[in-house]
Each structure stands twice: as C-alpha cells, then as structure tokens.
Amino acid sequence: RDYTITGVVHDPPHSTHFKYELLDSLISYPNSANNPIWVQNNFYTYLTLDKNTSVEQVENEFPGMVMKYAGPQIQQFMGVSFEKLMEQGASYGFYLQPLRDIHLNSQLELELEPGGNMAYLKIFAVIAIFILLIACINFMNLATARSARRAREVGIRKTLGSTRGMLMGQFLTEAIVISLISFIAALVLVQLLLPFYNNLLGVQLQLDLFSNPNILLSIAALVFLVGMISGSYPAFYLASFDPVKVLKASTQSSSSRSWLRGGLVIFQFAISISLFTGSIVVNNQLDYIQNRELGYNKNHLVIVEKTDDIGQDIEAFKQELKNDSRIVSVTNSNNLFGHNFGQNVVQIQGEPAEKTILLSMVQTDHYFAETYGLELVKGRFYSWDRPGDSTKIVINEAAAKHLGYENPIGHAFDFGNPDNPVYFEIIGVVKDFHFESLHKTIRPFMFSLFGPGGFGRYTAVRISDEDISATLTFIENVWKKYARDQAFEYVFFEDDFNLQYKLENNTKKISTIFSILAIMIASLGLFGLASFSAEQRTKEIGIRKILGASVKNIYVLLSKDLLKLILIATVISWPLSTLVLTRWLEDFAYRINYSHLNFLLAGIMAFTIALITITNQALKSAYANPVKALKYE
C-alpha cells in the first residue's frame, strides 16, 4: 500500500514494550473490523478501566463472553463442544495483564518484543549488595590493619578524658564521611561509564537523581548505612583499647577477633568464588546453546526482509538471484525460525472428533528444505513436478511422535469446517530442528506450500563465503529492480536467531564483570588482613629470623593461615553455587551437564589471586631486617 503522512509524533521512549516507526489505521486492513471469528488471536487489545471498576469485575465477565461467542465457533471448527474440551483439560479464555508488568513479569508467547526478567534483576541486586558488603568488610580489615598506628591516639584521648562512646562516634563519623566521598566518586564513575554500559547491554539508562525525591532519600540512607556497617567493627575494636597497654605498644589481637576477621575473609571469597563459578557456567551454557546443532545450517544465510513488497514478482526476484554463481539457494516464507509461531489446532482424519493436535506452522515454497539444509527422514519435500502439493504438508519428528503412527506418510489433517472438511495429506517427515530458542523443547511443526500466487515476508538467501560484501551489493541491486523504491533491509540469520538470547548474553556480560569486581575487592581485603597479620607479628618474625628461620619459613608462616581461609571459602561456595546454578539451568530445555571441574577451576583462580595478593606482603616481612623488628617498640 501507499500511504499519506498526516502527522509526526515524538519517538516512543526506550522504556516501552510498544516500539514503532509508523502508525497505520487498523480499519484499512479488511480482516480487522467486524471480524466474526473469535478463535483467531491476531490482535493486541489495550483497554483503560474506569477508575471505579476493578480488574476482577471485568475478568468476571470474560467466561460468559467466551461461552457466548467463542464456544460455538470452537465446536464448529473442531467438531466437539466447548464444554467437553474443557472437561478434557483444554483451556480457552481471556484475562487482563497490567501494562507495567509486560516487560519484566510476562513470560507469555507472542509478546511484541522479548522482555526482561524480574528474577534476573533481583539476582543482580543481591549480587550488588554482596559486593557492597565485601567492600564494607575490606574497610573493616584495612582499618584494623592500621590499628597499631592509631592505638596511641586512642590511649592519649582516653587519658585526656574521652569516653568509649565519644571514640566510637568519631570512628563511625569518619567511616560515614568516607562513604559520602565514595558516593560522590561513584556518581562521577557512573556518569563516565554509563555510555559504555548502555552500549554493552543495548539499553538506554540515564542517571537522574532528582526526578524522584525517594531516590535521593534512598541514596542518603544507603550512604549512612554503608558508613555504619563498615565503620562498626573498627569503631568497637579501636575504642576498646586499654590506654595503659596501648601506650606500652601492646595491641595484640585476641583470638575471637582474629576468627572474626578470618570469617569475614571467608565470606568475601565464598561469594567471589560463587560468582566466578556462576560466570564460568553461564558462559559455557550460552556457548552451548549458540553453538548447538539446530537441525539446519544457519551459516551464510542472509534474510531479505519484507519481500512481500515485491508481491507477485517474487518468483522473478528469486530466479534472478539464483542465476548468480555466488548464490547457492533461495527460498521464500511467511515466518522465520526464532520468531514467534502461532499454533493451529488440526483434526486428524479418521480419528475421533475430540482427538486433535497443536501444530506450529510456516508457509513456504519448494526450496525451503534445500536452502536451510533440513534433513528428511521419511517421504519427500515439495516438488515443482507435482501440482497437487499445494494440499500436502510436511511435518517434523515431534509431530509424527505425537500422532503415534509408525509411518505417518499418507495420513491427513483437516484445517477446515468439519461439515466441509479440507484434508491435507502428509508427504514427508523432517528430522527435528530448533525453530524456537533452546529454552523450549522441540514442539510439533508442519510446513505448508504457498497456494498459486502466494508469497511471504522473508526471503532466505544462502550465499557462498567468497566476497560477501559484493554478494550483498548484488542482492540489493536485484532488490531495487523489483521493489519499486522500497528500502532494502536484510539480516544474517545467525544474528537474528541469537537475539532470543539477548537477556542471557547480558547476564553473561554482567556476571563476568561482577565476578571480576568481587574478586578484586576481596583481594584488597585479603591484602589488608595480610598487612595486619604481618604488623602484629613483627617481633615474632624478628626473633624467628635471629634463631635461623629462612625466608621460605617466614613466607609459609605468614601465608598458610590466610590460604586456609581461601580453601574453606572454596568448599563453602560449592553447595551455594550448585543450588543457584541448578535452578538457573532448569530454565533451559537443553542445557549443559556442568562438572565439578567448574568449581575447581574457580577455586584455583581465587587461590592463585589470593597467593599473588599476599606474596608481596609476606616477602616484604620475610626479608625485613630482624634488628629493626626487635627495635619495634
């Protein structure tokens, strides 16, 4: 159709599930207005409720509406009463879906675009909280590591009359001020990194703190809370020093405090190793689903979109493409693997009226199997030599299995009115293939041939791997010849199919970044604990060296206790990771069998990073002059 532009509107916001480039009048489509068929769900219906009307009131009217209008048509098309179908476990009805729930909370098929997932947001929020806790623990460990430097300050303040409460208030205030400064630095970092983040995930987030007062209040509360949490232990620890002992340079840590610090390091690395393990498994699962055999050849397949613009010239367009040696094969269809497929209820010839089968379907031409590389296991695909093929169908193995026939060739389906049946005979069975994402098992599927003069929206062109750029230019030139100034739009099939995994790909990127960030922050905490340990054992190290301890002995002495903590953290992380990852993988019908080697690899990586972190401090202490160590007081 040709249209006249009558208005220009602002671009729809990025945060909408309803994106468009143009708006067209629905009544210009003949099948849209006053369509009497209720069992064709071809439109999206939006409604605004009166403020005095509840959702429940409206939904209570739906069953009666379905019985009145859809019930008779279901009986007409399927040959069995609506009530009987419901008794057999079938369901048909309508319900209301809040507009705000569509993007994050809808798992329905045939949404206008792939949505997000609230569960993923909650997982990332929890991970962010854990990383923040790891940073708070670091502050605690680093503050206690430099406690000896502030011990005399505490002793002098207490001697001059400062109470424990006053000292705790001082140290907590310091922590809150540091938290506030960190927040300001974080704002600068977010502003600088937001374009990179948006580009990485394909989103359009904006830093807008002043649009909602609740945001500022939440951030102020977060800054205060982080300061209080991170400063609490150092405040209690430092304020508890005995002024007599600290002025005599005696600030040895108690056993209980050592175990607390050790427990905090275990917590840090248990979370970090769990994130590392998760990142490895997520990467392996995505590699698996994106490289798994789909049952057809997805490589070097160019999809020319909206070829229904060419109309009746589609055969000439395809033939001119095939005349070029760089074009291997061409086919036209009304849908594309990886896109949404509706399902058709069909009656099986010769079976009771209530025995039906749900089939997803694509209409295509004679070259579909050849172009996509589908494998026939029984019968044949369509042929130009057989004019009667327009009333024949080809099914997949899943459909054949559902039918229960050892050889389904020759059986037929009815797509018409039971009073005037139109039967389509099965002529072939193709090997099962993934026409949907690997989140779903392979469902019954069928092919039907375009009728005379029929054509579809997508033309798949299999090209050779020689000079792809020149081949695309050639396809565009042929398009311009037939498409009457319509824009040339194409996509590589592999890229289009993988759009189904956009959410998982974003998860892969975020989990990788989070795991690296967590392990880096945890390593800083470990460095603080190593510094603290070395500082507390300065005199011991000096005495051991005078008595003949080697650098290796001192290195092992300072390293073994910390590395034990990493080993304990690794063991703790395994059941935690197993629980979370098992539940995540359950969302995929086809998934990897992850091995414990993933946990071992993550543990080794964490162990190696920890070893590198503490080595510098351990060697520094081991090579220190023992005379200086014994003059420590």
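Below, the figures for the structure above:
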| quantity | calculated |
| --- | --- |
| Extended-chain gain in nm, criterion 0.36 nm per residue less alpha-carbon gap, residue 553 and residue 29 | 180.1 nm |
| The chain, accessible surface, carbon-and-sulfur percent (1.4 angstrom probe) | 59 |
| For segment 521-579: rounded, prolate or oblate by the Cα gyration tensor [a/c cutoff 1.5] | prolate |
| For residue 53, net neighbour charge (Lys/Arg +1, Asp/Glu -1) across residues whose Cβ lies under 13 Å away | -3 |
| Share, in percent, of DSSP beta bridges within the chain that are antiparallel, nearest 5 | 75 |
| Under 15 Å, Cβ to Cβ, from residue 279 - net charge with Lys/Arg +1 and Asp/Glu -1 | 0 |
| Cα long-axis angle, helix 147-159 against the chain (0 to 90 degrees, to the nearest 10) | 60 |
| Peptides ranked, highest mean first, by Cβ atoms within 10 Å: ranges 602-613, 182-193 | 602-613, 182-193 |
| Over 20 Å between alpha carbons, listed pairs 440/509; 19/481; 306/481; 539/620; 539/564; 19/122 | 440/509; 19/481; 539/564; 19/122 |
| Among 206-215, 105-114, 264-273, the order from most to least packed when residues are scored by Cβ within 10 Å on average | 264-273, 105-114, 206-215 |
| Distance between modelled label sites at residue 10 and residue 128, nm, 7 Å Cα→Cβ extension | 2.5 |
| Accessible surface, per residue, of segment 267-351 when the full set of protein chains is kept, probe 1.4 Å, Å² | 36 |
| Extreme residue, positive dipole direction of the chain, given options 527, 346, 49 (C-beta unit charges) | 527 |
| Counted charge near residue 19, where neighbours are those whose Cβ lies closer than 11 Å (Asp, Glu -1; Lys, Arg +1) | -3 |
| Shape box of segment 1-135 [Cα atoms, principal axes, largest first, Å] | 66, 50, 33 |
| 21 Å Cα-Cα reach of residue 68 towards lysines, excluding residues that sit fewer than 8 places from it in its own chain | 84 |
| On Cα atoms only, tilt of 596-622 relative to the major axis of the chain in degrees | 30 |
| For Cα extents along the principal axes in Å, calculated from these coordinates, the label among (1) 151, 78, 47; (2) 154, 63, 41; (3) 104, 63, 52 | (3) |
| Euclidean distance between Cα centres, segment 366-385 to segment 88-141, Å | 41 |
| Cα long-axis angle, helix 551-585 against the chain (0 to 90 degrees, to the nearest 10) | 30 |
| Size of segment 409-523 as Cα extents on the principal axes (Å, biggest first) | 74, 41, 26 |
| Relative contact order, percent, the chain [alpha-carbon distance under 8 Å, six or more residues apart] | 18 |
| Expected 222 nm ellipticity per residue - DSSP helices of 4 or more, -39500 (n - 2.57), all of the chain, to 500 | -17000 deg cm²/dmol |
| Gyration tensor verdict on segment 473-576 (Cα atoms; rounded if a/c is under 1.5, prolate if a/b is larger than b/c, oblate otherwise) | prolate |
| Over segment 254-378, relative contact order from alpha-carbon pairs under 8 Å, at least 6 apart, % | 23 |
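The values are calculated or read from the model by the stated rules, or taken from the named source; none is laboratory data. It should be emphasised that the depicted structure is a prediction, and the values quoted were computed from it without experimental measurement. When we count neighbours, we look across all protein chains shown, and the Cβ atoms used for this are built from the backbone with ideal geometry, even at glycine. Quick note on the areas: whole protein, heavy atoms, side chains included, nothing else; ligands and nucleic acids left out. Shrake-Rupley method; radii C 1.70, N 1.55, O 1.52, S 1.80 Å.
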